[in-house]
Structures are given as structure tokens and as C-alpha cells.
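The values are calculated or read from the model by the stated rules, or taken from the named source; none is laboratory data. Predicted model only: the values in this text are computed from it and were never measured. Cβ placement follows ideal geometry from the backbone for every residue including glycine, while neighbour counts extend to all protein chains displayed. SASA here: full protein model, heavy atoms, side chains in, ligands and nucleic acids out. Shrake-Rupley method; radii C 1.70, N 1.55, O 1.52, S 1.80 Å.
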Amino acid sequence: MPIPEDVTGEEIDKDVRQELQSLPKTLADDVARNLVMVARLIDEDPEAAYAYSRIALRLASRVAAVREAAGFAAYASQKYTEALAEFRAARRMTGNVELWPLMADCERGLGRPEKALDMAGAPEVQKLDKAGQVEMRLVAAGARRDLGQLDAAIVTLQSPELASHSVQPWTARLRYAYADALLSAGREDEAREWFAKAIESDKDGTTDASDRLAELDGVEFVDALDESAEAAEDTESSAVDDDLNDEDVPTAASDEDEDTDEDTEDDADAISDVDAIEERSDESGAEGGTRDSE
């Protein structure tokens, strides 16, 4: 796949660059450039990112960073079987547990929420940092919801991190998940409160909490593009009506011409009738004179 000329490969993280030093320089540069494309496209075009990750994987399948990138790209494309395989491979290579929550979420994506819950209770979770533990809590709550256990999902999300007033990178997502679970359980007032709290902590707009809160408050958003399209349709419709009205004018004149023709025919008929009467009168007069002479 084509790679823009401005992509040099130097943009990647220095730790990844260090891993690639085990490869020949030219090969390392090619892999690095493909990894940069994965990072660039994974949010806006996951399928394209996945394609670049497969190229990097083909070039350097024994590099843990490449396996991890391939896993993220597959995960973003909802190819959970591939993502799980790549995450497992990366974990075997590094011994790192930070991918554990993502592996559990892949199990959810594959329709195995029970397996995700087993992973949530595994010893590996205790080795995660605070962000990883919060992520694991989100996955476990999602698995509970997959099983229809709404109350258990709500309890799973209740934690010191949820109650904390400090804003961390995970705060908005945690509050949003809690609000969504409350709403699904029919606890609308509480859900509204937590959607509002999610908005307060969501400075980057990573969630649609503001839309969800507006929906609860009965606020409807009107798409400006739709309004423009409707206005254009109305204008076009008016123009068509005007054209039709313009075409009707000659028709009126034509009707007047028809009326004139009919009047002319009536006058001709009247003249014919008068002539006939006069002829009959002349004949009668002629016949009367003959009898008198007789």
C-alpha cells in the first residue's frame, strides 16, 4: 500500500524504534513507516490501518511491537479472533500484562462474556496499573450487561475511581458507562446526574454524554444540512409552480380564441337562417301572383 512521502518512520515511539533495531536498517525503516500509518489511521479508517498492520506483520512478525500494533488494528476493525491471537503473541514475547483487559474484551466480542469475567478475576489484574484496573472494571461491567445482569454491572462500576472528584484519563468513560448502566436499569434521574458528571470530565469529547443528556431532557437537534436541503427543495418546487403558471397564460388566450370562433359560427348560422326565410318569402309572393292572374 502507498505511504506518503512525508512519513519517514522516525515518528514512532522510541521504545518501538529500539525494538526494530534487531532488523536490518532498510527493513526496520519499512516496518516503522507502516506502523506510523497504522497509528495515523486506526481511529478514522480502521480497515486501512489493519491493512498496513498486516504488511508490517509480514515483514517483522517476531517483533512484539508489531504484533501489538496488529492486535490493536484488528481490534479496531472488530476482528476479535485475530486481535486476541496478536495480543496473546505480544504478551508471550514481553511477559507484560497491560493487554489483559483488551484480551478480555475480545472474549466479549467473540460472544464469550463468561470467559471475560473469569479473566477479570484472574491474578493478572492485580499486576495492572490504575488505568488498567479501571479498564478491566469496564470490561467486566460490559460482560455483566451481556449476560443481562444490569444490577451486577452497576455494582461492578461502583469504585473509588468512580467516586473520586479528580479527573483522570479514564474518568469520563467510567462515569459514562455508569450512567448508561443506570439508564438501562430504568434509573433515569441518577443516569442524568452521571451523564452530566461525564460531560464535566470529558474535555476531549471522547463520549457522546452531552447528546445522551440532551435526549433525556427532550432536546431535539436539527441538522443544518437537512434544513438546507429542504429549503432547496422548496425553492425548486416554487420555480416549477411558476413555470406551470406561465404555461397556463397562453391557454387562457386560446380559450378566448375558441369563444370567438364559436361566436363567428353562430353569426354565420344566423345569417343563413335569415337568407332562408327571405327565399321562402319570395317564393310565397311569386305563387300568390300567379293565382291572382288566374
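So what's the range 1-50 giving for Rg/Rh, alpha carbon basis, Kirkwood Rh from the mean inverse pair distance? The Rg/Rh ratio comes out at 0.98. Count Lys and Arg as plus one, Asp and Glu as minus one, and take only other residues whose Cβ is under 13 Å from that of residue 112; the net charge is then -3.
Can you tell me the alpha carbon radius of gyration of the range 52-164 divided by the globular rule-of-thumb value 2.2 N^0.38 Å? Before the final figure, lay out each step's value.
Numbers: Rg = 14.8 Å, N = 113, 2.2 N^0.38 = 13.3 Å.
My calculation over the Cα atoms of the range 52-164 gives 1.12.
Charging the Cβ of each Asp and Glu at -1 and of each Lys and Arg at +1, and nothing else, the dipole of the range 62-172 about its Cα centre rounds to 260 debye.
Considering only protein heavy atoms, what per residue accessible area in square angstrom results for the range 16-127 with a 1.4 angstrom probe? Before the final figure, lay out the partial values.
Details: 5620 Å² over 112 residues.
Accessible area per residue: 50 Å².
Comparing the range 160-225 with the 2.2 N^0.38 Å rule of thumb, its C-alpha radius of gyration ratio is 1.13 (two decimals). Count the net charge of all other residues whose Cβ sits under 14 Å from the Cβ of residue 188, scoring Lys and Arg as +1 and Asp and Glu as -1. Charge balance near residue 188 sits at -3. About its Cα centre, the dipole of the range 12-91 is roughly 340 debye, where the only charges are +1 on Lys and Arg Cβ and -1 on Asp and Glu Cβ.
Wrap a convex hull around the Cα atoms of the range 13-77, take a quarter of its surface area, and give that in square nanometres. Before the final figure, lay out the partial values.
Values: hull surface 14.4 nm².
Its average projected convex-hull area is 3.6 nm².
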